[in-house]
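Presented below is the structure to which this report refers.
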Amino acid sequence: MLTTALKIALRNFQKNRLYTLINISGLAVGLAATWLIGLFVLHENSYDNFVPDVNRIYSVGLDIKVGEEEARTTNTPPPLGPRLAQDFPEVELAARTFYLAETVVRREIPGQAPLVFNENTAYAADSSFLELFNFPMREGNVGSALDRSGSLVLGERMAEKYFGKKSPLGQTLILNDAQYTVTGVAQNLPLNSTVQFDFLLPMSNFRVVENFSWSWLWLQMDTWVKLREPLNPESLAALEAKFPAMVKAHAPAAYNRIGIDFLEKLKKGDRFNVELLPLSTIHLAEAGLVSRLTTLGDGKKVRMYALIGGLILLLACVNFMNLATARSMQRAREVGVRKALGSQRSTLVGQFLAESLFFSFAAWLLAFVLAGAALPLFNQLTGMQMGVPALLTTKVLAIGLALTFVAGLLGGSYPAFFLSRFKVSEIFSKISSSTRGGHAGIRNGLVVFQFAASVALMLSSWVVYQQLEFARNQSPGLQRENVLVLPMLRYLQEPGKMEAFRQQLLQMPEVKAASHSSFVPSLGSFGDYYEPDQGNQSRAVPKSVLLSSFLTDADFVSTLGIQILKGRSFYPNNAKSDSTSVILNEAAVRAIGWEDPIGKWMSYPGNDNQRFQVVGIMKDFHLGSVRTAIEPAAIFHESSQTYQTWGSFMSIRLQPGSEKAVIEKTQALWKTAVPEGPFDYDFLDASFGQLYLVEQQAATLLSVFTALALFIGCLGLFALAAYTAEQRTKEIGIRKVLGASVFGITSLLAKDFLKLVLLAILIASPIAWYFMNQWLAEFAYRINMQWWMFVVAGLAAVGIAFLTIGFQSVKAALANPVKSLKSE
């Protein structure tokens, strides 16, 4: 029976090549897209499943509210980890990490030039860190590799980079001018690991952590705990309920040191809640979490991609079903003849299903080829590093084959179960009464569904693109263009060396201005609490306000094009006069509530209540992404020495078009000034662009998904237009004989389909508006969706549909009516 079914399937393929190829191609594209999207979804849901005892490991988080500011974060204070391990017997191990940001790594090689690189994956860690996660080691001991000061654990990748194939144990590397001895090599962590590192150094080597060991305000640590046994949600909630007592017992003393009554703050509505976030779910389950963990994903985005993948496959299945219903009367004649010759219904059902499954599995083979060919591009778009073998894992294959089987059943279900149930007399009476194929209403509904989905994706893609362009170009109060940024200026910390380097830069005719600072917008800032004075105004000001700040020279404002709205900038060439000066942005003034801020004073509890006077108000500018509101910010003069940071940058404003020349000259100056340091640079506008990589990825993927949906929809529409023209060949011939024009016949054939497309646009527009409005709500600064966006997307859909059906319509209208009527 199976052999017979295959023969009949091949015979039908020969007879209806166009429709069969369209069916297989559309389904193959849908399956390939779903295959790749499924691979991405499975990857995102597989994070940390390789970690032993993953169900006992938690990231320690904070739910904080200070005044009107609130956030959930994994940034924790130094005392929290040791306190959890000491006070709660449920905690087996606690470990902290401290991110070292940009780190210069150097290996001295006798008789050769040293190997020097800037690295950004170095962390200081407690000695229990490796044991807590039980990461596999290629060399060294998990329990003792970080026990001694000056020890160093490398990832395999870095071990090969600096030492080649030789064992690095006992060898030395210099990190930020301090020497470390390699005591272990950890195996490379898989991509689906939340924790990623290449260098681990002992926490004991970093006095800054020890200096803040008392502080519950210095949120610069990531803290992890491993419980003695897995906890269900109720037991976990019970454990977390014990944490407030710990916080109230130990945090007030730290706040008292800077003049803040912590318990009084809590009574007035502030929060400092300690949470345990399961490692097994943190990758996708913690939306809006402020964290230094760069691997955190977006569960909402993953669900959206899964939905779109299912939608694309459904559109491909719709083509299968659409052509099955369109050709139903043609197949009905076959059913009638076979029934008249004695075929049983079960035989017919088996034949139609076997034929449909045969074509769907042919599509599956083609889909594998397409998915394998598209995988490198898909990796580039999603950041994955999957090879073709990933497409052939048991789980992926099982899902792919199951979807193929379902698609085959859907495509063959109509002729198998609907046509086969009629009696012979009923079948031939239906054939004689039908001129346009079976079930036009079903076909029309499926066409509307296809184009509604495609138009909704098109609209969504357009809105995402517009918001991305808005985010990239939104730059009030700051001139981002033509600014070269040099990091790692710690090499120039010797007195006078940094200023001498700046003066050398200013000698270049292509350089308009240059400034050095602790940070620059988009690349970080220093955050801490400041206490504004009440002054003589009647309206009360808050006890403290959180400011993100920059420690700069006098040229920072002019170099970055920051607009001063009131007061002044720092005095040039007179550093001492501004050692107590501060420039605030508009957001800071609003947060404090000063009616006339110029001349007002504020104190910094973090440095013995150091006093600062407001000398200028600058226009608000974005320090980071437009997803968040512009935060209160300040600029302090470097002569104040109010705090110390790891950050150090030189910003250079260039003449437009001089980028290449300035980079070459600056590199030459750098090699002369800092021969032992690697030269690195970025542009300020490019740095801001890096903040929107997720949005760029979403925009690109959504564009690809939209193109695929339109391609599949147009394939089906093309096939239906061809079939309709074929069914109406004699009608067209008669109309031409009676004088109908080519335009009139083309319009006649096209208008029915265009009506369906217009209906699809009406359905898709409010759906796309609703979901895009929800997505835009995640941005503090966003575009307003305009009516013309929907008009443009609608016209594009109509144009694509008309081009698709126009070819077949014009072809039918130009046909010689003698050929279509000669048999009548």
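Looking across region 108-130, the residues that are farther than 22 Å from residue 213 by Cα, part of a loop (DSSP other than H, G, I, E, B) and under 37 Å from the mean Cα position of the chain (by Cα) come down to 120, 121. Within region 626-642, restricting attention to residues that are buried (at least 18 other Cβ atoms within 10 Å of the Cβ) and of a type in the set (Ser, Thr, Tyr), the residue that is farthest from residue 561 (Cα to Cα) is 642. The set of residues from region 110-141 being among the acidic types (Asp, Glu) and either open to solvent by less than 60 Å² (accessible area, probe 1.4 Å) or within 20 Å of residue 170 (Cα to Cα) (or both) comprises 119, 126, 139.
Among the residues of region 608-646, those identified as part of a loop (DSSP other than H, G, I, E, B) and of a type in the set (Lys, Arg) are 619, 627. Of the residues making up region 647-677, those that are crowded, with 17+ Cβ neighbours inside 10 Å and assigned to a loop (DSSP other than H, G, I, E, B) number 5.
Out of the residues in region 473-508 that are assigned to a loop (DSSP other than H, G, I, E, B) and free of Cβ contacts under 8 Å to residues at least 60 places away in the same chain, which is least open to solvent (accessible area, probe 1.4 Å)?
Only one residue tops the list, namely 496.
Within region 349-394, restricting attention to residues that are hydroxyl-bearing (Ser, Thr, Tyr) and assigned to a helix (DSSP H, G or I), the residue that is most open to solvent (accessible area, probe 1.4 Å) is 394. When you scan region 93-101, do you find a residue that is modelled with pLDDT under 95, open to solvent by 40 Å² or more (accessible area, probe 1.4 Å) and either assigned to a helix (DSSP H, G or I) or more than 30 Å from residue 232 (Cβ to Cβ) (or both), even just one? Looking for residues that are modelled with pLDDT under 95, open to solvent by 40 Å² or more (accessible area, probe 1.4 Å) and either assigned to a helix (DSSP H, G or I) or more than 30 Å from residue 232 (Cβ to Cβ) (or both), one finds at least one in region 93-101, hence yes.
Here is a yes/no grid of residues against (1) touching a strand residue (DSSP E or B) at 6+ places or on another chain (Cβ under 6 Å); (2) within 30 Å of residue 260 (Cβ to Cβ):
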| residue | (1), (2) |
| --- | --- |
| 121 | no, no |
| 124 | yes, yes |
| 142 | no, no |
| 158 | no, no |
| 169 | yes, no |
| 181 | yes, no |
| 184 | yes, no |
| 207 | no, yes |
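State yes or no: is residue 169 in a strand (DSSP E or B) and closer than 30 Å to residue 676 by Cβ?
no
Listed by first and then second residue, the pairs with beta-carbon distance under 8 Å, at least 6 apart or on different chains, first residue in region 706-721 and farther than 12 Å from residue 457 by Cβ, second open to solvent by less than 10 Å² (accessible area, probe 1.4 Å) and hydroxyl-bearing (Ser, Thr, Tyr), are 721/809. Looking at region 542-561, which of the residues that are within 28 Å of residue 67 (Cβ to Cβ) and not hydrophobic (A, V, I, L, M, F, W, C) is surrounded by the fewest Cβ atoms within 10 Å (Cβ to Cβ)? Filtering first and then ranking leaves 542.
Residues in region 271-299 that are more than 21 Å from the chain's Cα centre (by Cα) and among the small types (Gly, Ala, Ser): 0 in all. Once region 210-238 is narrowed to residues that are in contact (Cβ under 8 Å) with a residue 60 or more places away in the chain and over 33 Å from the mean Cα position of the chain (by Cα), the residue that is least open to solvent (accessible area, probe 1.4 Å) is 215. Only one of the numbered conditions (1) in contact with a His (Cβ under 9 Å, 6 or more places away or on another chain); (2) open to solvent by 30 Å² or more (accessible area, probe 1.4 Å) is violated by residue 611, and that is (1). Of all the criteria given as (1) among the small types (Gly, Ala, Ser); (2) in a strand (DSSP E or B); (3) under 19 Å from residue 487 (Cα atoms), the one not satisfied by residue 554 is (2). Selection within region 731-762: residues that are of a type in the set (Val, Ile, Thr) and surrounded by 16 or more Cβ atoms within 10 Å (Cβ to Cβ). The member of this set that is nearest to residue 692 (Cα to Cα) is 761. Inside region 47-71, residues that are open to solvent by less than 20 Å² (accessible area, probe 1.4 Å) and either in a loop (DSSP other than H, G, I, E, B) or aromatic (Phe, Trp, Tyr) (or both) make up a count of 3.
Scanning region 678-692 for residues that are modelled with pLDDT of 90 or more and either surrounded by fewer than 15 Cβ atoms within 10 Å (Cβ to Cβ) or over 15 Å from residue 485 (Cβ atoms) (or both) gives a single hit, 686. Need pairs with beta-carbon distance below 9 Å; first residue closer than 13 Å to residue 199 by Cβ and of a type in the set (Asp, Glu) and within region 150-176, second open to solvent by 50 Å² or more (accessible area, probe 1.4 Å) and in a loop (DSSP other than H, G, I, E, B); sequence gap 6+ or separate chains. Listed pairs, sorted by first residue: 156/187; 156/188.
The values are calculated or read from the model by the stated rules, or taken from the named source; none is laboratory data. Bear in mind the structure is a predicted one, so any value in this text is a computation, not a measurement. Cβ coordinates were reconstructed from backbone atoms using ideal geometry, including for glycine residues, and neighbour counts include every protein chain displayed. Calculation scope for accessible area: heavy atoms of the full protein, side chains included, ligands and nucleic acids excluded. Shrake-Rupley method; radii C 1.70, N 1.55, O 1.52, S 1.80 Å.
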